[in-house]
Amino acid sequence: MESPADAVARLAAEMDALASPSAAAPAPSPRPTGYFDATKTATYGFLAALPLFVLYEVGVLLANPGSGGQIRVGADVWLKTLLAALGGVGWAAVGAVVLAIGGYVYWRERERRPPLVPRYFGLLLVESLVYAVVLAFLVGGTVGALFGGWLLPDLALAQLSQLGLGLQLALSIGAGLYEELVFRVILVGGLFWAIQRIGTPDRRRAYIIAAVVGAVVFSAVHHIGAFGDPFTLPVFTFRFLFGLALNAVFLLRGFALAAWTHALYDVLVVTGGL
C-alpha cells in the first residue's frame, strides 16, 4: 500500500493533468491488477458507487409514497439544484450525468484500466465495514477522552430518529454517496487544487489545509436545516474528526472505500449496530 506522501503526490499529479490537458502526457503507469491498487481506481470507484445510487434513489421513492421523494440528502439536493439551474431536470438529466461520468472514467483509464474481479467488490464491502466500525470507536473514544465521557455514535444522527426506518436507511446510503462526492471529491479536492496554485506549493501542507477546512464544513452543514442536529461541541467535534478520517480513507484507498465506509457507518448507526 502506498504511503500518505505518495498518495498526496499521486493526487497532485492527477489534478495537474486535469488542469493542464495540453501538457505532454507522462508515461502511463503499470496497469493495476492487485486488490489494493485496483480498488483505488476511478473504474472501481464508479462501479462501486452505482449500487449506492440505485439503492438510495429507489429507497427514497419507496419510503416517501405520494411525496415524490421530497426528503433527501442535502448534498443530493444541492447537486440536483445545480443541475436544474443548468437546464437539466428529471431522470433523463440524472441518467445523462451518470453516463457522462462513466464515459469519462472509461476514457480516462483506457490505458491502465484494472481487471474487473467480482471478488474485489466483495472484499471492498468487507474492508469498508471494518473501517466503519473501527473509525466509529476511534472517533467516539477520542471525543469521549476530550469531553470526559463516551460519545455514542447515534448522538450524531439524533434528528433521523423521527423518520421511518426505511427512509433512515435510504438517507444513510445516500449520505455515503453524495456527501463523499461533494465533501471529499469536490470540496477537498478543489481546495487542494486551489491552495497549490494560490498558496503553499508544498503538497502535503496543501492537502492538510484542504482536509481540515473540508472537515469543518462537513461537520457544520449537519447543524443546518430542518433535520440538522442542535449544535453541541462534542457532536460537532465527532463529525469533524470523522470527516478527517474519511479524508484519510479517500486519500489512501479511493472514493469507493470512502463512500461505502460512510454509508455502512450510517446504516450501522440507524439499525443499532453500533
Total formal charge among the other residues, if their Cβ is under 12 angstrom from that of ASN64, Lys/Arg +1 and Asp/Glu -1: 0
Gain upon complete extension [VAL97, LEU146; 0.36 nm per residue less C-alpha separation]: 13.3 nm
Once fully extended, how much extra length lies between VAL58 and GLU111, figured as 0.36 nm per residue of separation less the alpha-carbon to alpha-carbon distance? 15.6 nm
Using a 1.4 Å probe on the protein heavy atoms only, what accessible surface does ARG119 show? Give it in Å² to the nearest 10. 150 Å²
With a 1.4 Å probe and all protein chains kept in place, how do VAL130, VAL60, VAL267 rank by accessible area, largest first? VAL130, VAL267, VAL60
Would you calculate the volume per residue, in Å³, of the smallest convex hull containing every Cα atom of region 161-274? 104 Å³
Separation in nanometres of the label points that stand 7 Å from Cα toward Cβ, at PHE231 and ILE71: 2.5 nm
Express in Å², to the nearest 10, the accessible area of THR142 obtained by rolling a 1.4 Å probe over the protein heavy atoms while all chains stay in place. 60 Å²
Expressed in nm to one decimal, what extension gain is obtained for the pair ILE198 and VAL133 from 0.36 nm per residue of sequence separation less their Cα-Cα distance? 19.6 nm
How high is the FRET efficiency between THR81 and ALA248 when r is their beta carbon distance and R₀ equals 35 Å, given to the nearest 0.05? 0.70
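The values are calculated or read from the model by the stated rules, or taken from the named source; none is laboratory data. The shown structure was predicted, so the numbers you read here are calculated from the model rather than taken from an experiment. We place every Cβ from the backbone using ideal geometry, glycine too, and count neighbours over all the protein chains shown. These area figures cover heavy atoms from the full protein model, side chains too; ligands, DNA and RNA do not enter into them. Shrake-Rupley method; radii C 1.70, N 1.55, O 1.52, S 1.80 Å.
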